[in-house]
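Here is the structure we will look at, set down as structure tokens.
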Amino acid sequence: MASEKGEIQVYVKASDSSDPVCVFSLSKKKLRDLLVSQLLSWHLDRIGIQPDGKLIVQGWAVCQRGKGKLRFLDGRGKEVEGKLTWVERKDAALALHLPPALSSRIGFSFEADQADRIRSPKLYAEYSCEYAKDVCEIGLKRMKMERTPSGRIRLALAVPNTRKNLHILREDGLSGFYRYLQEQAGVEASDYEQWLKRNSPGRGKLARQRRTAFEKMPLFSVVVPLYNTPAPLLKALVDSVLAQTYSRWELCLADGSEDRQVSDFLRRHYGREKRIVWRRLDKNEGISGNTNAAANLAHGDYLVFADHDDLLSPDALYEMAEAVNKQRFPDVIYSDEDKVSFDGKHFLEPHFKPDMNLFRLRENNYICHLFAVKKNLWEETGGLRSGFDGAQDYDLILRCVEKTRNVYHIPKVLYHWRMLPNSTAQDPESKKYAYEAGRQALQEHYQRLGMKAEVIQTPNPGWYRSRIQIEGTPLVSIIIPTKDHARDRQTCVESVFSGSTYSDYEILIVDNASTQEELFALYDRWKKDLPEEKLRVLKYDQPFNFSRINNFAASHANGEYLLFLNNDVEVISGAWIEEMLMICQQEPVAAVGAKLYYPDHTIQHAGVILGMGGIAGHLYCTGSGEATGYMGKLISVQELSAVTAACMLVKRSRFDAAGGYDESLAVAFNDVDLCMELRKRGGKVVFTPYAELTHYESRSRGPEDTPEKQKRFLAESRRFREKWGKELEKGDPFFSPNLSLEHGYCAPRGSSVELK
């Protein structure tokens with residue numbers, strides 16, 4: 001409807017009134033501008049300057065009214081000379097729901113031979129059609145600065161980094177700030193690079209590896225898809241394979257490039273190497289199709305996957321061959337990894353991984369590289385699926401682990417993932433299609449397993465949250481041992497009443513010889529206000545023994561699940577019981593632990609690590625409650641060796657089978673011991689960050705500050721070591737041996753960070 005002012009107005013009419021209500025109004029010009037802006041959709045995925053000085057800009061662009069025009073201009077509006085190639089981008093087409101007519105050749109790659117010849121500090125990408133035009137600014141000056149040590153120092157000292165720089169000055173002084181600038185410049189090795197140098201095999205060890213003859217000598221097929229791969233990066237990858245100390249390998253390459261430059265390069269430089277085979281494809285099939293084509297060339301016992309611009313460590317295949325001999329041909333092998341700078345000179349961001357952890361894998365693809373799979377398992381799974389491009393490896397790994405439990409982790413950095421140069425045009429939106437593909441891959445994983453689940457993306461790109469449907473309404477028995485401290489008990493119990501969205505529970509308060517009249521009055525009020533089936537008070541007038549008290553309460557519990565809860569906690573998240581129950585109901589899960597905070601919202605519990613601090617310790621204790629943790633440890637559902645009984649849900653059947661708590665551990669390590677017993681019998685112990693409570697730790701029992709308490713603690717420590725000495729010696733399978741056990745902050749073991 002047009003108004004007197006010439007505006008286009010949209011109305012909605014209420015059902016109980018004849019008078020229209022104006023929702024919003026737009027002028028004809030604004031409406032036209034809005035419609036025109038929808039004609040163009042485009043994104044710059046990758047912008048960078050290669051070691052040889054060549055400028056690369058890649059992305060996709062779609063015009064709803066036919067083919068648009070893409071140009072690159074300098075600051076004076078002069079068009080930059082270069083080669084623009086249009087290619088197929090199935091991933092972008094899928095994400096945009098494009099019709100077939102618009103799905104081909106929407107990707108582009110622009111190359112300018114010498115970025116240094118572009119004098120303008122800024123570059124402009126312009127995409128236009130007859131009706132519309134859009135411009136994106138590219139910070140060319142910053143990219144040039146990132147290529148030199150002096151430029152990187154200038155960027156580190158830039159105004160946006162002032163607060164960070166002042167913090168470093170205050171914390172580390174002038175000498176520390178100088179070291180920081182040197183690290184930013186790349187002048188000296190980072191702390192991790194020093195660690196990597198100490199922990200990587202030297203020349204002597206590499207020479208011995210080359211002379212080693214294993215009993216089993218599997219053939220490894222290194223599978224790599226190629227697409228317009230820059231020659232320097234391809235050479236670096238191929239040379240890293242040629243440098244392997246294990247010689248029984250073949251390199252299988254499928255080239256889907258727009259021209260013959262990549263294939264010609266391979267022929268000129270590696271044509272005489274019989275272990276390198278490649279095929280030039282008729283057209284680019286995308287990353288999944290190209291990888292499948294490369295895999296079709298393979299004759300190996302295992303397929304080992306690598307990207308076309310990354311690097312393998314020289315001992316990568318040797319370590320895999322050793323794993324095959326030690327583990328009798330595991331179906332899947334994966335290793336630790338790190339990142340390598342674009343120029344190949346610096347190594348950073350190590351990812352020290354746990355052993356196989358299905359619950360952690362369902363959060364995001366922590367396995368990633370280096371990944372190898374038996375060829376027969378690859379064939380059984382059907383290879384990569386093109387509908388999951390961007391998350392094709394995640395989809396493959398999920399399908400593999402559904403078919404086998406024979407998965408082996410090598411806790412060594414065997415793969416270096418090359419980092420692309422930073423750019424203001426690079427942001428999580430450029431990977432949006434990949435994150436959605438990962439979500440869909442995980443959703444289908446649950447469907448294949450017959451699990452009713454909803455998978456959603458979290459605010460952390462590439463991380464997912466799974467909501468598993470709870471079967472039925474099982475009774476949960478909440479067991480709370482207590483003594484005096486009426487106000488704290490009231491806070492705890494009433495936070496359960498008022499703060500829980502799950503209603504099928506009973507509370508068993510085990511009173512351990514309380515004397516406080518205020519607490520007895522509180523019991524009387526609860527008994528009056530609540531039905532007996534909702535809350536019971538059990539008298540336990542014996543000396544304090546946490547294990548014995550909980551075993552006593554469990555014998556009186558009616559629930560299918562036992563929820564052990566300290567009396568000094570307070571519920572934060574309403575669905576805390578559901579979050580634990582949806583995991584605990586799965587087989588073979590035995591116990592689930594919650595995320596606990598101190599009153600100042602720092603971390604009190606986010607999982608227990610075996611061996612930390614000598615016997616067992618909490619991960620990230622006193623760390624920020626807002627942090628994500630090393631590789632997402634604080635925000636991920638994951639299997640662990642143990643969780644705290646301050647809030648722990650246990651299947652009743654598995655609790656009984658384990659014999660309950662060990663009553664010889666009256667105070668210390670009894671919850672860790674129970675978790676170890678549950679795991680010994682095939683049960684899994686899982687931590688969830690989505691069940692959140694505040695823990696006012698040790699208010700009732702107090703600190704270990706008397707000779708009697710310290711003597712008891714030492715005795716219980718010896719008892720635990722006697723029972724679990726072999727497990728302590730072997731190390732926690734869910735915490736990398738490359739990480740420090742001195743504290744819970746995940747520093748590389750033996751690094752200066754650990755020793756501070």
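Could you sort the peptides 623-631, 405-413 by per-residue average Cβ neighbour count (10 Å cutoff), highest mean leading? List each step's numbers first, then the result.
Values: 623-631: 15.8, 405-413: 18.7.
Highest mean packing first, the order is 405-413, 623-631.
Over all directions, the average projected area of the alpha-carbon convex hull for segment 184-255 comes to how many nm²? Let's see the in-between values first.
Values: hull surface 28.8 nm².
Over every viewing direction, the Cα hull of segment 184-255 projects on average to 7.2 nm².
Output wanted: per-residue J couplings in Hz (rounded whole) for segment 590-605, from phi through Karplus 6.51 cos²θ - 1.76 cosθ + 1.60, θ = phi - 60°, x for Gly and Pro.
Values, residue by residue: 10, 8, 9, x, 9, 8, 10, 10, 6, x, 8, 6, 8, 6, 9, 8 Hz.
What dipole magnitude, in Debye to the nearest 20, does the chain give about its Cα centre under +1 on Lys/Arg Cβ and -1 on Asp/Glu Cβ?
I would put it at about 2540 debye.
Among the lysines, which have Cα under 24 Å from the Cα of residue 326 when same-chain residues fewer than 8 positions away are ignored?
Partners within reach: 205, 216, 353, 374, 375, 403, 412, 680, 726, 730.
So if the hydrodynamic radius of segment 482-538 is defined as the Kirkwood radius over C-alpha pairs, what does Stokes-Einstein give as its diffusion coefficient at 20 °C and 1.002 mPa s, in µm² per second? Intermediate results must be reported in sequence, preceding the final value.
Working: Rh = 11.7 Å.
Rounded to a whole number, D works out at 183 µm²/s.
Which entry in (1) 28.2, 114; (2) 27.0, 94; (3) 30.3, 90 is this structure's computed Rg and Dmax of the Cα atoms in Å?
(3)
Name the aspartates and glutamates eligible as straight-distance cross-link partners of residue 339: C-alpha to C-alpha under 15 Å, and not fewer than 8 places from it in the same chain.
Leaving aside aspartates and glutamates fewer than 8 places away in the same chain, those within reach of residue 339 are 191, 193, 307, 309, 310, 349.
Segment 213-248: which chymotrypsin sites (Phe, Trp or Tyr not before Pro) are DSSP loop and have at most 12 other beta-carbon atoms within 10 angstrom? Don't skip to the answer; put the middle values down first.
Numbers: sites: 214, 220, 227, 246; in loops: 214, 227, 246.
Passing both the DSSP loop test and the Cβ count: no residue.
For segment 205-301, I need the span (max minus min coordinate) of the C-alpha atoms along each principal axis, in Å, sorted largest to smallest.
Over segment 205-301, Cα extents along the principal axes are 43, 25, 20 Å.
So, taking all protein chains as they sit and a 1.4 Å probe, how much accessible area belongs to residue 432, in Å² rounded to tens?
120
Please compute the contact order of segment 607-740 in relative form: average sequence separation of alpha-carbon pairs under 8 Å and at least six residues apart, divided by the residue count, as a percent.
Working: 127 pairs, mean separation 41.2, N = 134.
Rounded, it is 31 percent for segment 607-740.
Which whole-Hz ³J(HN,Hα) couplings does segment 651-662 yield from phi under the Karplus relation 6.51 cos²θ - 1.76 cosθ + 1.60, θ = phi - 60°, glycine and proline marked x?
Ordered by residue, 3J(HN,Hα) equals 5, 4, 4, 6, 4, 5, 5, 7, x, x, 6, 6 Hz.
Please list, in chain and number order, the residues 5+ apart from residue 105 or on another chain whose amide H is under 5 Å from its amide H, with Hs placed from the backbone.
Distant-sequence amide H within range of residue 105: 88, 89.
Taking H placed 1.01 Å from N in the peptide plane, check which residues at least 5 places from residue 566 or on another chain put their amide H under 5 Å from its amide H.
The answer is 647.
Quick one: helix 707-730 against the long Cα principal axis of the chain, what's the angle to the nearest 10°, folded into 0 to 90?
Once rounded, the angle reads 40 degrees.
Working from Cα positions, state the angle (0 to 90°, nearest 10) between the long axis of helix 162-185 and the longest principal axis of the chain.
Relative to the chain, helix 162-185 is tipped by roughly 50 degrees.
Counting other Cβ atoms within 10 Å, keep those with at most 14, restrict to DSSP loop, and tell me which GluC sites (Glu not before Pro) in segment 429-504 are left.
Details: sites: 429, 436, 444, 454, 471, 494; in loops: 471.
Taking segment 429-504 and a limit of 14 other Cβ atoms within 10 Å, the loop GluC sites (Glu not before Pro) found are 471.
Could you tell me whether segment 434-541 comes out rounded, prolate or oblate from its Cα gyration tensor? Rule is a ≥ b ≥ c as square roots of the eigenvalues, rounded for a/c under 1.5, then prolate if a/b exceeds b/c, otherwise oblate. Numbers along the way, then the final one.
Details: a/c = 3.82, a/b = 2.73, b/c = 1.40.
It comes out prolate by the Cα gyration axes.
Check which residues have an amide H placed less than 5 Å from residue 250's amide H, if you skip close sequence neighbours.
Under 5 Å from the amide H of residue 250 lie the amide H atoms of 220, 221, 222, each far enough along the sequence or on another chain.
When a/c reaches 1.5 or more, the comparison of a/b and b/c decides; with that in mind, is segment 241-395 rounded, prolate or oblate per its Cα gyration tensor? Write down the numbers at each step before the final one.
Numbers: a/c = 1.39, a/b = 1.28, b/c = 1.08.
Here segment 241-395 falls in the rounded category.
In whole Hz and in residue order, list the ³J(HN,Hα) couplings for segment 393-403 that follow from phi through the Karplus curve 6.51 cos²θ - 1.76 cosθ + 1.60, θ = phi - 60°; x for Gly and Pro.
Coupling constants for segment 393-403: 6, 4, 4, 5, 4, 4, 5, 5, 6, 5, 9 Hz.
Given the rule -39500 (n - 2.57) for each run of at least 4 DSSP H residues, summed and divided by the residues of the chain, what is its mean residue ellipticity at 222 nm, to the nearest 500 deg cm²/dmol? Write down the numbers at each step before the final one.
Numbers: 24 runs with 253 residues, N = 756.
Taken over the chain, the calculation gives -10000 deg cm²/dmol.
Taking Cα pairs under 8 Å and at least six residues apart, what relative contact order does the chain come out at, in percent?
9
Assign one of three labels to segment 284-325, namely rounded, prolate or oblate, based on the Cα gyration tensor with a ≥ b ≥ c the square roots of its eigenvalues; rounded applies when a/c is under 1.5, prolate when it is not and a/b is larger than b/c, and oblate otherwise.
Working: a/c = 3.80, a/b = 1.65, b/c = 2.30.
Since a/c reaches 1.5 but b/c is at least a/b, the shape of segment 284-325 is classed as oblate.
Determine the relative contact order of segment 604-643: mean sequence separation of Cα pairs under 8 Å and six or more apart, normalised by residue count, in whole percent. List each step's numbers first, then the result.
Numbers: 45 pairs, mean separation 17.6, N = 40.
So the answer I get is 44 percent.
The values are calculated or read from the model by the stated rules, or taken from the named source; none is laboratory data. Keep in mind that what you see is a predicted model, and the values were worked out from it rather than measured. Counting neighbours? That spans all protein chains shown, and the Cβs are built from the backbone with ideal geometry, glycine included. Calculation scope for accessible area: heavy atoms of the full protein, side chains included, ligands and nucleic acids excluded. Shrake-Rupley method; radii C 1.70, N 1.55, O 1.52, S 1.80 Å.
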